[in-house]
Structures are given as C-alpha cells and as structure tokens.
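The values are calculated or read from the model by the stated rules, or taken from the named source; none is laboratory data. Only a predicted model underlies this, so the values are computations on that prediction, with no experimental measurement involved. Quick reminder, even Gly has a Cβ in these numbers, built from the backbone with ideal geometry, and neighbours come from all protein chains shown.
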Amino acid sequence: MLKRTILIAAGALVLHTTANAQILKKVGSVLNSGSTSSSSTTGNVTETEAAGGIKEALEKGVLKGIGLLNKQDGFFGNELYKVLLPPDALKAEKALRSIGMGSLVDKAILQINRAAEDAVGFAAPIFVNAIKQMTISDALKLLTGGQNSATNFFKEKTTASLVAAFSPVIDSALNQTAATKYYGEIVTKYNSLPTSFTKLDPDLKGYVTNKAVGALFDQIGKEEAAIRNNPAARTSELLKKVFGSKS
C-alpha cells in the first residue's frame, strides 16, 4: 500500500514560493522512498483526505457544469458551448442557406443543442462513478500539477468510457428533440443537390456526445481552478482542509 503524507495546499495553490518548493522536494522524497507506513500525516492532511478532496473538487465541477448546461439555452444560448453543425456538414449548411433553406439548418442546430441540454442532465451518475474509481495513488500523483491537473488526469483516464456510457443518452435526446429528423433532412436535401460531389453522412451522435462531454470537462476544470485559487470556492470542511494554504 502506498504510504505517503502530503500537504496539498502548498503544492497546489502557491507552487511559486520558496516554501512550497521545499515542501514539494520533501514530498518527492516520500513518494520515491517506498515507505510502507500507512498512518503518518504531514500538515494534518492525510493521503486519504487529499484523495477525497481531489475527488470532491471534481464532483463539484460536474454538478456545477450540469447545473449550467442542463437547462434551456444552456448550450444554445452559450457562445462558448453552442453546438453547431459538424465540420463535415458546413459545406451542406452553406449550400442549403444559399438556396433559401436556412430555416431547416436553424431548426437542426436548435434541436441539436436542445438534445445536448437534455442529455447532460443524465451525466451526473456516469461522471461521479468514474471519479470514484480514481485510486489514492492516482490522486496523489496530481499533487505537484497545475490548476487543472486533476481534471486533465481524469479526462485522459476516463474520456473513452464516459463517451461510451453517455452516447446512448445523447442518441435518445437527439431523437426526442427531433434533432435527428431535422439533421436527416439536411443530409437528404444536400445529397440530392446536383452540386453535391461528396455525399454527406457524418456521425451526429458521436459529434454531439463529444461536444457535451467536452463542455462538462471544461466546467470541471474551471471549478478545480476556482477551488485551488479561491478560498470562497471551498464549500466543505474537507475542501478547506485539503486546499487551504499552509506555509
């Protein structure tokens, strides 16, 4: 079993200070020492608390992101996350707008965003369960990372499985909001044009799934950065203890 004691705040919040440099050096020695002890602590923060704090920060980001996105215009009214047509379909959009069929394109874009807004409401258990699979060892490796180190690690480790789990939810939402119907009409209309040399058939479900998952990861990253840098964002005793600044 890993046996390390840590001081999260010094490593995660104020890495540029001399005191933190010394602390991180000591932590590095502990991580490489192969110690088998399981109960020691440093700075009153145990490895279990540290791992719990990182997981809680990630969970908080998921829930905040869902609260922002799982509502009308959460995607459609947000220029940062608004889902446009897939890149492969941009030529079709231009062609259809040029012949007076812009309203069909607009309907498709609106309903695609409505599908994303609806689907992210089902994301919480998928994301939270994935977060809980992180080991203490995983969490401790993030000690000396930057302000989004936990989010980036989580993203690298879980994106494939999250996309696989979330894809059916997106598929259902696309059908329920008629996004599939309107997009299908775009494909049919464009493919029937005499100027359509390349037939259009991109994977709408996969495209929207990646956009929705990406938006949630972006929110997780923003929340992690806020918790690391802003004491007011640490809304639990565990977050305050783990991410609180210590010299």
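Exactly one residue out of Glu185, Glu224 is surrounded by 18 or more Cβ atoms within 10 Å (Cβ to Cβ), acidic (Asp, Glu) and in contact with a Leu (Cβ under 8 Å, 6 or more places away or on another chain): that is Glu224. Considering the stretch 229-240, and only residues there that are assigned to a helix (DSSP H, G or I) and in contact with a Lys or Arg (Cβ under 9 Å, 6 or more places away or on another chain), the residue that is surrounded by the most Cβ atoms within 10 Å (Cβ to Cβ) turns out to be Leu239.
Lys60 meets each of the listed conditions (1) more than 14 Å from the chain's Cα centre (by Cα); (2) touching a residue at least 40 places away in the same chain (Cβ under 8 Å) apart from (1).
Taking the numbered list (1) more than 19 Å from the chain's Cα centre (by Cα); (2) at pLDDT 85 or above; (3) buried (at least 19 other Cβ atoms within 10 Å of the Cβ); (4) assigned to a loop (DSSP other than H, G, I, E, B) in turn, Phe75 passes all entries but (1).
Just name the residue that is farthest from Thr209 (Cα to Cα) out of those in the stretch 118-145 that are among the small types (Gly, Ala, Ser) and touching a residue at least 40 places away in the same chain (Cβ under 8 Å).
Looking at the filtered set, the residue picked out is Ser137.
For Ala92, the conditions (1) farther than 29 Å from Ile170 by Cα; (2) at pLDDT below 90 all hold with the exception of (1). Taken together, Glu117, Glu156, Glu93 contain a single residue that is of a type in the set (D, E, K, R), loosely packed, with under 14 Cβ neighbours inside 10 Å and at negative phi, which is Glu156. Being at pLDDT 90 or above, of a type in the set (Asp, Glu) and within 19 Å of Gly65 (Cβ to Cβ), is that true of even one residue in the stretch 117-126? Yes. Do the conditions hold for Thr144, that is, is it within 28 Å of Ala51 (Cβ to Cβ) and at pLDDT below 90? Taking the combined requirement at face value, the residue satisfies it. Phe154 meets all of the listed conditions (1) without any contact (Cβ under 8 Å) to a residue 12 or more places away in the chain; (2) under 19 Å from Ile54 (Cα atoms) but one, namely (1).
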